[in-house]
Each structure stands twice: as structure tokens, then as C-alpha cells.
Amino acid sequence: MRAKRQKDQRIALTSKVSALTEDSDYKELLDEAMQELDRQQEASNAEIERLTTNLGDTESMYYDAESDKEELENILLGLRAKLEHLESRFNGKDSGLPALVKGAENDLYEDEILNILLDVLKPAYNSAKQFSRRRDVLQDLIEHNKPNSLKAEFFEELKKELKDYRSLTPKLREIFALANIEVVTDGSHNKAKFIGEERYGVTFAKTASDSHAGKNNVTTIRDNLF
């Protein structure tokens, strides 16, 4: 409104200047007035540019804050799930000398390495010769190292939620957090990865392209992260 009013004033003054062909004093006065209007117009334009820049900065800060909030929520969900599992898993847990010395890798979710070893031991036990020493040792290890139920529970919930997958939901984030997995936005895709670990990740579309997308995502997650 202010800019339009100034424009109207300039047009009116220009007309007056054109009409005053003989009175130089009035023409000089009007020229000064027009110069003042020009200064006001420049000031107005500068103010508009400043406000536009501030608006852009505010929008950028908002999106940065939203991204930080999403990351913190993922971390919180993961820590909460880990705490709940620790409380239930290690109350009264048996202790003893380890059969293997732990290497440099750490669990990315609770008892991850134990679960992987048991996954390897079970087929080895099944293929071992009956009544052999190998079979008895493998059986003893399997019986005294019960698998963590977290992995099975995770995939059971994940398959239910991804059965009719359309887009990422808060419920789906909670399920991923059970296994210490966060979901981050990467352009037109979402990326599922272990919190604090960049070596492994699964990328999937923000919105499903067909009815098989959810099932395919479960298979890809199992193959790459577990």
C-alpha cells in the first residue's frame, strides 16, 4: 500500500510539473518533492529487501530446527528401547567364562553379536555328525546362550507395519528404534541406519510405489542390517 501511494504521488507531481511551464519557482519546489519521493521509494525498497531476507533466514532456521528435532527424537527412542531391554535382559543373568574373546566390533543393538553367532552355530550343529564331539559342544553352547528375543520381536512388528506401507509413520519410527535404528530423510528417500553407525544403511522411497514395497523393504533390511 505504501509503495502504491508513493507511485500515485509521483504521477500526480509529474503532471503538475509538466503543466507549470512558466513558473520556475513552483517547478523547482516540485522537483525537490519528487526527489524526496525517490528517496522514500529507495528506503521502502531497501526495507522490503531486508524483510524478505529475514523471512528466508527464518524459514531456514525453522527447517534446521525440525531436522535437529527429528534426530533427537530418534536418539531418544533408541536409548529408551535399549534401557527397557537392559532392565529385562540382565536381571539375574548367569555369568561365566566366555567361549570367545570379544573383538573390536560392538553390539549395534542389544546382544547383536551373540545372536549372529547363534545364527551361525545352529546350522553347524544340524550338519554335525550325530554323537560326535563337535555336535555335543555346539549343542552345549546353543543351550547355554539363549538368543535375544529383540530381533524376532522387531521383525514381527516391522512386517505388520510395512504390510500396507505408504509412508513413514511415528509408529514405524518407534519400531525401528527397538533395534537402535533411526530413519533420516535423504532427498526423495528415507534411509534406515543404526544410530551412530554410518557403514550400513537401507534406502527406501518416502512413498510406496506398489503393494510389494513393504515386503521388499523388510527383506532388504534383514539382509543388510542383520
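The table that follows gives values for the structure above.
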read-out: Filter result (farther than 30 Å from A177 by Cα and charged (D, E, K, R)) within the range 121-152; value: K129, R133, R134, R135, D136, D140
read-out: Tabulated pairs, the range 48-76, first in contact (Cβ under 8 Å) with a residue 60 or more places away in the chain, second part of a helix (DSSP H, G or I) and charged (D, E, K, R), C-beta under 8 angstrom, 6+ apart or interchain; value: E73/R173; N74/R173
read-out: Matching residues in the range 171-194 - criterion: being at pLDDT below 90 and more than 18 Å from E71 (Cβ to Cβ); value: S188
read-out: Residue ID - nearest to V218 (Cα to Cα), chosen from residues in the range 123-148 that are surrounded by fewer than 11 Cβ atoms within 10 Å (Cβ to Cβ) and not charged (D, E, K, R); value: P123
read-out: Among (1) closer than 19 Å to K163 by Cα; (2) surrounded by 12 or more Cβ atoms within 10 Å (Cβ to Cβ); (3) without any contact (Cβ under 8 Å) to a residue 60 or more places away in the chain - the single one V218 does not satisfy; value: (3)
read-out: Residue check, L168 touching a helix residue (DSSP H, G or I) at 6+ places or on another chain (Cβ under 7 Å) and at pLDDT below 95; value: no
read-out: The range 149-175, subset touching a residue at least 24 places away in the same chain (Cβ under 8 Å) and within 12 Å of the chain's Cα centre (by Cα), residue farthest from N216 (Cα to Cα); value: R173
read-out: Contacts under 6 angstrom Cβ, first residue in the range 98-116 being on the phi > 0 side of the Ramachandran plot, partner at pLDDT below 95, 6 or more apart; value: D111/N148
read-out: Residue match in the range 94-110 (condition: surrounded by 11 or more Cβ atoms within 10 Å (Cβ to Cβ), charged (D, E, K, R), in a helix (DSSP H, G or I) and out of contact with any Cys (no Cβ under 6 Å at 6 or more places or on another chain)); value: no
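The values are calculated or read from the model by the stated rules, or taken from the named source; none is laboratory data. What you see is a predicted model, and the numbers here were worked out from it, not measured in a lab. Neighbour counts run over all protein chains shown; Cβ positions are idealised from the backbone, glycine included.
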